[in-house]
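Peer 1: Please read through the structure below; I'll follow up with questions.
The values are calculated or read from the model by the stated rules, or taken from the named source; none is laboratory data. Predicted, not measured: the structure shown is a model, and the values here were computed from it. Cβ: placed from backbone, ideal geometry, glycine included. Neighbour counts: every protein chain shown.
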Amino acid sequence: MKKLLALLLALVMVFGLVACANTTEEPVEEPVEEPVETPVEEPVEEPVEEPVEEESLLVGVSMPTKDLQRWNQDGANMQSQLEAAGYEVDLQFAANDSAMQISQIENMIANGAKAVVISAIDGEALGTVLAQAKEAGCAVIAYDRLIMGSDAVTYYATFDNFLVGVMQGQYIIDTLDLANNEGPFNIEFITGDPGDNNINFFFDGAMSVLQEYVDSGVLVCQSGQTEKLDVATEGWDAAKAQERFENILSTYYADKPLHAVMASNDSTAQGVATALSTAYSNDVYPIITGQDCDIVSMQNMLDGKQAMSVFKDTRDLAAKAAEMVDAIMKGTEPPINDEETYDNGTGIIPSYLCAPKACTIDNYKELLIESEYYTEDQLAG
Ligand code: BGC
């Protein structure tokens, strides 16, 4: 009997323990699992996804042509800088055809571009398409060349274009030592496309320092072609520059030396250099100016066929234009350092003017090679 009682007691204790164990298990497990899982997972996932969508905004980049080396560099630099900032980029080149440029910009707007960066072929021709851009909420930035007559243009990224012309004119003055030398020296002029607002700044900048020597007779223009529109070159085309200079050289310089050619850029300077090789035989080889430090012109410089160029580092320009795009998208302040020079007919367009640098055989290594703009091999030809 005692044994039976002891057994019963033992059984009761075992069940009691099991029951106790059950009651202790339940309250421990449940409250621990639930609050841990929910608050940790939810807030982490949501905010991570949203900014990724914002970063893929579309930006159109419209360049005038692939024919001139610099625009390929400008386009590539713009694309890489904008992509690095998280934008999707539609880069187009318009073969120097204004109608093609307009339709490319129309496509960018139709595809939902939030901004377009444009280097205009004809600065007067974009009014209608840019009105569409404005209507669609697409911001417009003028790149290198100002777009005229459109209030859709928000900012302008360029170089100090007047200073480019001053550098070209001053180079001629210094090299011929006009301050101490009465000459007379013969000079001819050539600039770019009449639809490019930049020629007003390049040509006026050069004439701001050269005009007094023309007026005093120290510089003589044998062709008499000294007005901007007389010396313009459609499309900045080297072949047209060559043709015009072959005429000038055979008509006015068959028995006279030509001492200087104020050429506004490298493509026109190249046309002049080619004309000199075919239609000029005087021993005096003229000083030829230029702009862009285009590879062909740098090779001409190394060969003694072009005296100077103006280096405009397209990496700097692209960086400023990309910063402008980013500031517009984020509602922050864009980089601006000039609010008085560039009026496009609808008012002053706030601008950033990058610094041009005069480049000659004496400093090209520092400007172009050391800055890794070119390699020595690229210039060796
Ligand atoms: C640019 C020059 C270029 C020329 C021809 C101008 O608007 O400022 O750098 O040489 O166009 O493309």
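Peer 1: Of all residues in segment 104-144 being of a type in the set (D, E, K, R) and part of a loop (DSSP other than H, G, I, E, B), which is nearest to the chain's Cα centre (by Cα)? Steps first, please.
Peer 2: Kept after step one, since they are of a type in the set (D, E, K, R), are these residues of segment 104-144: 106, 114, 122, 124, 134-135, 144.
The next check asks that each one be part of a loop (DSSP other than H, G, I, E, B); those that pass are 114, 122, 124, 144.
Details: 114: 18, 122: 17, 124: 20, 144: 6 Å.
Restricting to residues being of a type in the set (D, E, K, R) and part of a loop (DSSP other than H, G, I, E, B), the top hit is 144.
Peer 1: Name the pairs whose Cβ atoms lie under 7 Å apart, with the first residue in segment 329-355 and within 18 Å of residue 317 (Cβ to Cβ), the second exposed (fewer than 13 other Cβ atoms within 10 Å of the Cβ), and 6 or more positions between them or separate chains?
Peer 2: From residues that are within 18 Å of residue 317 (Cβ to Cβ), the pairs are 350/339; 352/337; 353/337.
Peer 1: Among (1) acidic (Asp, Glu); (2) within 14 Å of the ligand (Cβ to nearest atom); (3) not in a loop (DSSP other than H, G, I, E, B), where does residue 292 come up short?
Peer 2: Here residue 292 meets the rest and fails (3).
Peer 1: Taking residue 194 as meeting all but one of (1) more than 21 Å from residue 240 (Cβ to Cβ); (2) of a type outside the set (Asp, Glu); (3) within 16 Å of the ligand (Cβ to nearest atom); (4) surrounded by fewer than 21 Cβ atoms within 10 Å (Cβ to Cβ), write down the number of the exception.
Peer 2: Evaluating residue 194 over (1) more than 21 Å from residue 240 (Cβ to Cβ); (2) of a type outside the set (Asp, Glu); (3) within 16 Å of the ligand (Cβ to nearest atom); (4) surrounded by fewer than 21 Cβ atoms within 10 Å (Cβ to Cβ) leaves (1) as the failure.
Peer 1: Considering only residues of segment 300-314 that are within 16 Å of residue 366 (Cα to Cα) and more than 13 Å from the ligand (Cβ to nearest atom), which is surrounded by the fewest Cβ atoms within 10 Å (Cβ to Cβ)?
Peer 2: 302
Peer 1: Is it true that residue 54 is surrounded by 10 or more Cβ atoms within 10 Å (Cβ to Cβ) and either in a loop (DSSP other than H, G, I, E, B) or modelled with pLDDT of 95 or more (or both)?
Peer 2: On the way: surrounded by 10 or more Cβ atoms within 10 Å (Cβ to Cβ): yes; either in a loop (DSSP other than H, G, I, E, B) or modelled with pLDDT of 95 or more (or both): no.
Considered against the rule, which asks whether it is surrounded by 10 or more Cβ atoms within 10 Å (Cβ to Cβ) and either in a loop (DSSP other than H, G, I, E, B) or modelled with pLDDT of 95 or more (or both), residue 54 comes out as no.
Peer 1: Suppose the filter is hydroxyl-bearing (Ser, Thr, Tyr), within 16 Å of the ligand (Cβ to nearest atom) and in contact (Cβ under 8 Å) with a residue 24 or more places away in the chain; does residue 87 pass it?
Peer 2: On the way: hydroxyl-bearing (Ser, Thr, Tyr): yes; within 16 Å of the ligand (Cβ to nearest atom): no; in contact (Cβ under 8 Å) with a residue 24 or more places away in the chain: yes.
It is false that residue 87 is hydroxyl-bearing (Ser, Thr, Tyr), within 16 Å of the ligand (Cβ to nearest atom) and in contact (Cβ under 8 Å) with a residue 24 or more places away in the chain.
Peer 1: If you don't mind, there's one more thing I want to ask. Of all residues in segment 148-163, which are assigned to a loop (DSSP other than H, G, I, E, B) and within 12 Å of the ligand (Cβ to nearest atom)? Step through it out loud before you land on a result.
Peer 2: Our first condition is that a residue be assigned to a loop (DSSP other than H, G, I, E, B); within segment 148-163, this holds for 148-152, 160.
Residue satisfying the conditions is 160 alone.
Peer 1: Checking residue 334 against (1) closer than 30 Å to residue 150 by Cβ; (2) assigned to a loop (DSSP other than H, G, I, E, B); (3) out of contact with any Phe, Trp or Tyr (no Cβ under 6 Å at 6 or more places or on another chain), only one condition comes out false. Which one?
Peer 2: The single condition residue 334 does not satisfy is (3).
Peer 1: Of the conditions (1) surrounded by fewer than 15 Cβ atoms within 10 Å (Cβ to Cβ); (2) aliphatic (A, V, I, L, M); (3) more than 16 Å from the ligand (Cβ to nearest atom), residue 218 fails just one. Which one is it?
Peer 2: (1)
Peer 1: Suppose we keep only residues that are away from the ligand (no atom under 12 Å from the Cβ) and surrounded by fewer than 21 Cβ atoms within 10 Å (Cβ to Cβ) within segment 197-215. Which one would you say is farthest from residue 168 (Cα to Cα)?
Peer 2: 215
Peer 1: Considering only segment 196-250, state which residues are of a type in the set (Gly, Ala, Ser) and free of Cβ contacts under 8 Å to residues at least 40 places away in the same chain. Write out each step before concluding.
Peer 2: Going through segment 196-250, the residues of a type in the set (Gly, Ala, Ser) turn out to be 205-206, 208, 216-217, 223-224, 232, 235, 238-239, 241, 250.
Once the filter is applied, which keeps residues that are of a type in the set (Gly, Ala, Ser) and free of Cβ contacts under 8 Å to residues at least 40 places away in the same chain, segment 196-250 yields 216, 217, 223, 224, 238, 239, 250.
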